[in-house]
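Just so you know, all these numbers are worked out from the coordinates, no wet-lab data involved. Being a predicted model, the structure only gives us computed values, none of them experimental. Cβ coordinates were reconstructed from backbone atoms using ideal geometry, including for glycine residues, and neighbour counts include every protein chain displayed.
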Amino acid sequence: MLLIALELQRNFQTRNQILQMQTRLEQLELRNQKLDIELQLAADPRYREGLIRQMGYVHKDELLLPIATTNHFPSN
């Protein structure tokens with residue numbers, strides 16, 4: 001009887017580990033898909049230029065103008 005109980009406990013633990021690993025695998029597959037999309041975007045020169053411009057870089061014949069912080073909407 002004790003051996004059956006031990007085998008049932010081991011079976012339960014193994015199934016639990018399998019479920020945890022399946023969840024982890026799904027998370028990793030989702031992360032992999034996101035990275036694939038990022039790689040595809042990185043191959044696009046317009047995407048890279050957009051990232052660079054977000055960091056404040058401009059072409060050598062352009063000027064970087066500050067963004068106005070005033071509220072342009074009338075207050076009630």
Inset, instruction - Tell me the label-point distance for the pair Lys60, Arg24, using the 7 Å Cα-to-Cβ offset, in nm and rounded to one decimal. - result: 5.2
Inset, instruction - Measure nothing fancy, just the Cα-based angle from helix 45-54's long axis to the longest principal axis of the chain, in degrees from 0 to 90, nearest 10. - result: 80
Inset, instruction - Normalise the Cα radius of gyration of the chain by 2.2 N^0.38 Å (N = residues in it) and let me know the number. - result: 2.40
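To the nearest 20 debye, what is the magnitude of the charge dipole of the chain about its Cα centre, counting +1 on the Cβ of each Lys and Arg and -1 on the Cβ of each Asp and Glu?
Values: 9 positive and 9 negative charges, 48 e Å.
With only Lys, Arg, Asp and Glu charged at Cβ, the dipole is about 220 debye.
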Inset, instruction - Return one number: the angle in degrees, 0 to 90 and rounded to the nearest 10, between the long axis of the Cα atoms of helix 2-42 and the longest principal axis of the Cα atoms of the chain. - result: 20
